[in-house]
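I have placed the structure first, in the form of structure tokens, so that the comments after it can refer back to it.
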Amino acid sequence: MSLEEYKGVFIFAQQVDNKISSIALELLGKARDLANDLDTKTVTAVLIGSGVASLTDELAEYGADRVIVVDDPELKEYRTEPYAHALASVINEYKPEIMLVGATAIGRDLGPRVSARVHTGLTADCTQLEIGDFPLVAVPGKEDEQKHKQLLMTRPAFGGNTIATIACPDYRPQMATVRPGVMQKIAPNKGAKAEIVNYNPGFTPDNKYVEILEVVKEVSNVANIQDAKILVSGGRGVGSPENFKLLEDLAEVLHGTVSCSRAVVDSGWKPKDLQVGQTGKTVRPHVYFAIGISGAIQHVAGMEESDIIIAINKDENAPIFDVADYGIVGDLNKILPELTKKLSAEMAAKEA
């Protein structure tokens, strides 16, 4: 493998039902940063599906310089075999230096299969990506063996108890799946255009192609906490599932959404879709209330980029106060009703 042949930063532009997934736009933002650090400048989105040509403008507005479109009736719904064939073929043909895929249900299925086909490594569920040297610190006497401008891929390991930084210095592309919500979209450049490349490696269904008999869409009543501007999040310190009514009342007044920590999910008080943290979702609301949450590093990793963090905890030494912009030490059962009452009165006065 000649590493010099591999150039540019590529992202898999996931779409479902001919709608670009948010993770694709997040990856474009990070790809732009990586491309600038590598001095390659070019960011390429790989768009796979059927009848998806109309989606290229949106990708261009969010930072794609080039969009490689693989459009075929066999790609109408996601299926492992045709999608893996499509993306692996693009990689073999266009030779990206970096290939990023969202760590969604689709990406977690697609990424490892593609990496195996193109004979490279894959770092899964990354929370941080940057360009740097590998090893991070040169081995004394072997400084000339240190490789520069490598993709350093950081992810939680051992159940979130440690953080690992991984590189793939000897193979290309450097591949990673990236957790949704941890990278930021860039502001869209309305009217921006990208170079469009139509590419089709050919699809011949065989016994590995799954036949989809019916698609049944599940209707979820659980709010998407990653879209919320205000989150009222509760931990084990809330005390009981019934006490979450206090958080729900506060969220209702603020037009916010309730979320929770892993301990709450493990106790069966709330569904996992509402969990914030390394093993849950990464969120960036304008305001994050951490109520009865101790502030373990696994939880903080999922919410520390919030604009304003307000902590309420009866333990004045709780680690959550180290990251909070505002902190209240006291009993949430007394504080929340008063806070909700006060905010409700102020909201009513503004609307009057």
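The values are calculated or read from the model by the stated rules, or taken from the named source; none is laboratory data. Computed from a predicted structure; not experimentally measured. Every residue, glycine as well, gets a Cβ built from its backbone with ideal geometry; the counts of neighbours run over all protein chains shown.
Per-structure values
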{"item": "Selected residue (criterion: surrounded by the most Cβ atoms within 10 Å (Cβ to Cβ)) from residues of segment 108-139 that are in contact with a Pro (Cβ under 9 Å, 6 or more places away or on another chain) and of a type in the set (Gly, Ala, Ser)", "result": "SER115"}
{"item": "Selected residue (criterion: surrounded by the most Cβ atoms within 10 Å (Cβ to Cβ)) from residues of segment 140-177 that are among the aliphatic types (A, V, I, L, M) and free of Cβ contacts under 8 Å to residues at least 40 places away in the same chain", "result": "MET153"}
{"item": "Residue match in segment 191-202 (condition: farther than 22 Å from VAL70 by Cα, surrounded by fewer than 16 Cβ atoms within 10 Å (Cβ to Cβ) and at pLDDT below 90)", "result": "yes"}
{"item": "Single match in ASP65, ASP39, ASP57 (criterion: at pLDDT below 95, surrounded by 19 or more Cβ atoms within 10 Å (Cβ to Cβ), in the same structural domain as ASN189 (by TED's automatic domain parsing) and more than 21 Å from GLY181 (Cβ to Cβ))", "result": "ASP65"}
{"item": "Sole residue being under 30 Å from ARG66 (Cβ atoms) and either of a type in the set (Lys, Arg) or in a helix (DSSP H, G or I) (or both), chosen from LYS185, LYS217, LYS270, LYS245", "result": "LYS185"}
{"item": "Restricting segment 27-46 to residues that are within 18 Å of the chain's Cα centre (by Cα) and not in a helix (DSSP H, G or I), the residue that is farthest from GLN184 (Cα to Cα)", "result": "VAL46"}
{"item": "Answer from LYS314, LYS281 - the residue that is basic (Lys, Arg), in the same structural domain as LYS245 (by TED's automatic domain parsing) and over 22 Å from the mean Cα position of the chain (by Cα)", "result": "LYS314"}
{"item": "Unmet requirement for VAL238, which otherwise passes all of (1) surrounded by fewer than 24 Cβ atoms within 10 Å (Cβ to Cβ); (2) touching a strand residue (DSSP E or B) at 6+ places or on another chain (Cβ under 7 Å); (3) among the β-branched types (Val, Ile, Thr)", "result": "(1)"}
{"item": "Residues located in segment 300-325, provided they are surrounded by 17 or more Cβ atoms within 10 Å (Cβ to Cβ) and within 25 Å of THR104 (Cα to Cα)", "result": "VAL300, ALA301, GLY302, MET303, SER306"}
{"item": "Residues (within 20 Å of PRO180 (Cβ to Cβ) and surrounded by fewer than 18 Cβ atoms within 10 Å (Cβ to Cβ)) located in segment 241-278", "result": "PRO271, LYS272, ASP273"}
{"item": "Some residue of segment 131-141 being out of contact with any Phe, Trp or Tyr (no Cβ under 7 Å at 6 or more places or on another chain), under 30 Å from ALA53 (Cα atoms) and either of a type in the set (Phe, Trp, Tyr) or in a strand (DSSP E or B) (or both)", "result": "no"}
{"item": "Test: residue in segment 292-306 that is assigned by TED's automatic domain parsing to the domain that holds ARG236 and assigned to a strand (DSSP E or B)", "result": "no"}
{"item": "Residue among ILE297, ILE291, ILE230, ILE328 that is in contact with a Leu (Cβ under 6 Å, 6 or more places away or on another chain) and either small (Gly, Ala, Ser) or surrounded by fewer than 19 Cβ atoms within 10 Å (Cβ to Cβ) (or both)", "result": "ILE230"}
